[in-house]
Every structure is written in C-alpha cells, then in structure tokens.
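What follows is a single structure, written as structure tokens, with notes after it.
The values are calculated or read from the model by the stated rules, or taken from the named source; none is laboratory data. Quantities reported herein were computed from a predicted structural model and do not represent experimental measurements. Quick reminder, even Gly has a Cβ in these numbers, built from the backbone with ideal geometry, and neighbours come from all protein chains shown.
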C-alpha cells in the first residue's frame, strides 16, 4: 500500500516597508490630520460666528454638521473613483479643492454662505480620506508593520479632532474667526509639493467603468437619512423629516440592489460577509457617535460656562488626548495575547465609565473633574478605534483597499455626524426647556428667542440687560446648558454599553484576515513620469497562501 505525502504551497513572507514607505506615511498623515481637524475646528468659533453672522440654532447646527454629512455621503463614491483614476491623483485633486473651499469659508459673509462653503469642504475631504487608508494598505504588506501604520493613522485622526480646537483657540486669540479655515491652505500646498515626490500611484485597471447611478444613489441615501434623523431627534416626528427618512431608506435599498446587479459596482458587498469587517465598521461608528457628539458640549462648557478664553480652553481640552497617547499601542499588544473582542468590549466599557462620570458635572465643578472624565472616555475610544481600523483593513484584500477604506471612513464620519446631530439636538432641547422659565419678564420677543436658541445667544442678551437681571439670566443659561450636557453624556454612556455587548457577542473568535501578497494591478504611469512612480511604487508581490488559510481571510 502506498500513499502520496501531503504537500502545500510554501508561504512567502510579504516584503517589508522601508524608509520610503514610512516617509510616505508621514505625507499621508497631513490630509488625514486636516480633514479630522475640520470636524472640530469651529467648536470655539461658535460664539464669534453667532456675533458676526447671527445664525439661528438650526443654521448653527448645519454649519457644524454639513461638512461631516457631505463627507460621509461621498466617501464611497470617491473611494471607487480613486480605484479607477488613481489613488494619488484623487488625493492631490482633493488637496486643490480643499484649499479653495477653505478660502471661501474664511471669507463667508452670511450663515448660508458658510454652510455652502462647509459643504464644498466636505466634498474635498471625501476625496482625501479614502486615499490615505487605501495607500497605507498598499504600502505596508507585512501585517505587523501595517498594524503600526494604522495605529499611527488612527492617532492622527483622533489627534486632529483634538488639535482643531487648539489651533482654533490660538487663531481666535489674535485674528478673526475666518482664520480657522485659512490654516488649511499652506498645508494643502505642502501636500501638493510633497505628494508627487513621495507617494506612489495605485490604480486598478480591472475596476471597470465608474458606476454613476450608484454614486447618485449613495448620496441620495445618505443626506435624507441624516437629515431625517437630525430633525426627528430635534423636534420629534413630523411629516417632512419622516418623508426624508423614508426617501433615504428607499435610495439605500436601491443602492444595495444596484451594487448587487451592476457589472462594475462601486462597492464590493462581499466585504460585508466578513464579520471582522462589518462589525468593525459598526464599532467605529458608535465610537465616533459618542466622541464627536459630546466634544462640542465640552468645548462650549470650558469657554461659555467656565469663562475661559479660547486659547486657554483649547489647551485644557488637549490635556486628555495627551494623557492617552499610548493606548493604541497598548491595545495592539493586548490583542496579540487575548481575543480582541474582549479588548474592544473593555474599551467601550471604559468609555461608558468616563461619560457616566461626566454626567455629574456642574457649572462650578473643579477643572480636574472634567479632565479626568474626558481622559477616561478618550482612553476607551482610542482602544476601540485603533483595533477596529486594523481589523477592518486586515480582512480586506489589498486590491479592495479603496472600497474598504471608503466604507470604514463612511461609518466613522457618519457616526460623528449623527452624534453631533442627535446628541446635540438632545442637549439643545433640554437647554430650551430649562431656560424658558428663567427669562426675565418683559424681555422683547427677539431677545427671548435668541436666549432660548443657544447659550451664546443668552450671553449676548444678558450683556444688554441691567447688571442684576443679566447676571441672573446668564447663571440660569449656564445651568440649563450643563443640564443638557448631562443628558447628552448619559446617552453616550448608554450607546457605549451597547457597543461593549455587541463587540463581545459579534467579534469573539474573529481573527484578522490573512492575505497572501497577491499581485496588485500594475501601478499606473504618471503623465509626467519620473521617480515618483518608480522605486517606491511596488505592487503586492509573490507568494501563495498555505492550504489551510482562507483565500480572503475573515472569520475563523
């Protein structure tokens, strides 16, 4: 009796990244930092905007929200476009648009003009973000190196949200409110100079024609859904937001159907068959829902309730971020020793504890009380987001990096936008309810409406009243705002607790996908040629997976 011995194709280690790839990562962090900064750069400028442009509370929310809404709505479209025209080319195109829109926003003459400029910034940001993560997936083939690169990328994203108010505060100390946008221009010029020299170009010639109907359906789904949720959370169910929500859901169903039947779909729905990918998108959405939804309250609390100057408030706001700088690395180390589901679940529970702590915040609370609570919830969310990003890209094959990055970023941006809309609307509703009974008798109708709209409006009205009446109104407004903050952070804590349950229940025994370094489509030649697309632009090379490793990775 004879037998044939078992043999398997030998596994070839993926190439390691060198100095050029790590330098390229530094260039990719620049747009990542700026796009995330623009989510938060207006937090400390809100009182100045109110005084200069006089927006209503609805317009104020749209000024803050529209950037993230448009960004989230176009990410999938831009990710698919980058796979077709080239990821570096899309990045540089986005840099031009982002810089021009920043100038338009800086010199806006009305609330409506600023909202439009912020929408254009969202379009520019949507061209930048998918390219950064997709290029990271193409540059770093080794799993450990890619994990480090993604941890750095995640730190830049969260750091940008924290750095935005610091730069905003520094500029508002010395310049007008529009200067918070002009800071983007020199950074975009630097990207346009360094990008062609250091970043390789990657294009998938097998991607097929661009799915224009799919792009239209994705945008038609995102904006009405977000608008409907925002308005229902603010004013309750009514005909217009309910209709918008229904239209958005129908468009979303049409988008999914289109992606299932199109010859060249924008989005590969096979990605969602991997629990590691789909659940990671959900985890990032929940994390950003909480952090962005509550951040606007804390920046206004420091400035408008505690009376700090913008720069002082911005620097204190940065302290919790500096305190948790090593959490991403610690989370990655823990995930090597135990099931990452429990690490992510623990991160959610830590964040829930921090938000619960802050629900006891009062107008006169000690500053350390605010900083401790903020550091605790930030620590937990850094754990969740760094491991979620790594897992999602780990299960996505390199040739699908563009669409995978776009979906991941769409979930992140949508979570932040929904957090600001829903938690912001809840806080505003509590504020209006509490301040109503504290308005002085005989206050003109316009002044009463302004005081009910926002804390900044109440402060402006109080400044025009006699000293005792003005002080009483300002004290009541600060108390009402803090009450709204308490309700909002309790809502965030509840969402974090749900996230912990979902993470443990859905991610147990889900491991990072193992992909052989399969051949990437040949990088596209640049119109100008040159070394920028030569030595450093290396497609995935050689090697087959062992027989026991699934071809696409995913759930084990």
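So here's what we get for this one:
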{"quantity": "Boolean, residue 40 is modelled with pLDDT of 75 or more and either more than 26 Å from residue 317 (Cβ to Cβ) or within 17 Å of the chain's Cα centre (by Cα) (or both)", "calculated": "no"}
{"quantity": "The one condition in (1) modelled with pLDDT under 50; (2) assigned by TED's automatic domain parsing to the domain that holds residue 347 that residue 540 fails to fulfil", "calculated": "(2)"}
{"quantity": "Test: residue in region 19-33 that is modelled with pLDDT of 70 or more and not in a helix (DSSP H, G or I)", "calculated": "no"}
{"quantity": "Residues of region 336-374 classified as more than 23 Å from residue 495 (Cα to Cα) and either in contact (Cβ under 8 Å) with a residue 24 or more places away in the chain or in a loop (DSSP other than H, G, I, E, B) (or both), total", "calculated": "8"}
{"quantity": "Boolean, residue 199 is modelled with pLDDT under 85, buried (at least 22 other Cβ atoms within 10 Å of the Cβ), in the same structural domain as residue 132 (by TED's automatic domain parsing) and within 27 Å of residue 28 (Cα to Cα)", "calculated": "yes"}
{"quantity": "Hits in region 434-470 (condition: without any contact (Cβ under 8 Å) to a residue 40 or more places away in the chain and under 30 Å from residue 69 (Cα atoms))", "calculated": "449, 450, 451, 452, 458"}
{"quantity": "In region 243-263, the residues that are in contact with a helix residue (DSSP H, G or I) (Cβ under 7 Å, 6 or more places away or on another chain) and part of a helix (DSSP H, G or I)", "calculated": "244, 245, 247, 248, 249, 251, 252, 254, 255, 258, 259, 260"}
